[in-house]
Amino acid sequence: MEEKFMKEALKEAEKAYKQEEVPVGAIIVKDGQIISRAHNLREKKQKATAHAEILAIDKASKKLNSWRLIDCDMYVTLEPCTMCMGAIISSRIKNLYIGTLDPKTGACGSFIDLSKLKYNHTVNIYKGILQNECEYIIKDFFKNLRRNK
């Protein structure tokens with residue numbers, strides 16, 4: 001099941017890649033159904049907060065008519081940054097499934113670990129879901145970006 005949903009997040013990352021956005025995709029699942037999907041749109045929207053995770057949370061909140069995403073799971077291809085991890089915690093996401101880690105800005109243990117702080121909500125974190133595929137799309141994107149400069 002985890003791989004099935006991470007493949008859907010990877011489809012979102014591929015959409016970002018085609019739009020020359022950093023290829024990160026996120027989906028939110030409730031009761032075994034995808035209720036939102038998103039990919040990075042920072043360049044297109046010229047908005048610092050247009051990360052895949054934030055956009056997916058916004059869509060899920062709208063669909064459920066609640067900012068509390070209780071009993072929802074998020075699948076994201078790249079370890080969330082501090083902004084996104086804060087939003088994940090604040091929205092009460094139950095489980096977070098991460099494809100690959102981000103040693104430069106990851107906020108789930110790679111760079112900093114916001115999950116270890118004592119908040120009013122704890123997110124269960126699972127890492128390394130389809131790690132090779134999630135890592136490849138990021139590395140390929142930046143390799144091509146450097147090549148085309």
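A few remarks follow.
- On Cα atoms only, tilt of 52-64 relative to the major axis of the chain in degrees: 40
- Rel. contact order, % - alpha carbon contacts under 8 angstrom, at least six apart, the chain: 20
- Computed from Cα positions, the angle between helix 2-18 and the longest principal axis of the chain comes to roughly 50 degrees.
- Coil-residue chymotrypsin sites (Phe, Trp or Tyr not before Pro) of region 103-140, DSSP, other Cβ within 10 Å capped at 16: 111, 119
- Residue with peak Gaussian network fluctuation, the chain [Cα springs, cutoff 10 Å], from 76, 24, 123: 123
- Sum of -39500 (n - 2.57) over DSSP H runs of 4+, divided by residues of the chain (222 nm, nearest 500): -12500 deg cm²/dmol
- With every protein chain in place, the chain: carbon and sulfur % of accessible area (1.4 Å): 50
- Scanning residues 5 or more positions from residue 35 or on other chains, those with amide H under 5 Å from its amide H are 28, 29, 30, with H placed 1.01 Å from N in the peptide plane.
- Computed magnitude of the charge dipole of region 44-149 (debye, nearest 20; Cβ of K, R +1, Cβ of D, E -1): 460
- Nitroxide proxy distance, nm - points 7 Å out along Cα→Cβ at residue 45 and residue 70: 2.7
- For region 12-98, size of Cβ-based charge dipole, Lys and Arg +1, Asp and Glu -1, in debye: 360
- The residues of region 1-111 present an accessible area of 48 Å² per residue when probed at 1.4 Å with all protein chains retained.
- In this structure, the amide hydrogen of residue 111, modeled 1.01 Å from its nitrogen in the peptide plane, lies closer than 5 angstrom to those of 106, counting only residues at least 5 positions away or on a different chain.
The values are calculated or read from the model by the stated rules, or taken from the named source; none is laboratory data. As the structure is a prediction and not an experimental result, all values here were calculated from the model. As a convention, Cβ positions derive from the backbone with ideal geometry for all residues, glycine included, and neighbour counts pool all protein chains shown. When the accessible area is computed, the model is the full protein with side chains, heavy atoms only, and any ligands, DNA or RNA have been set aside. Shrake-Rupley method; radii C 1.70, N 1.55, O 1.52, S 1.80 Å.
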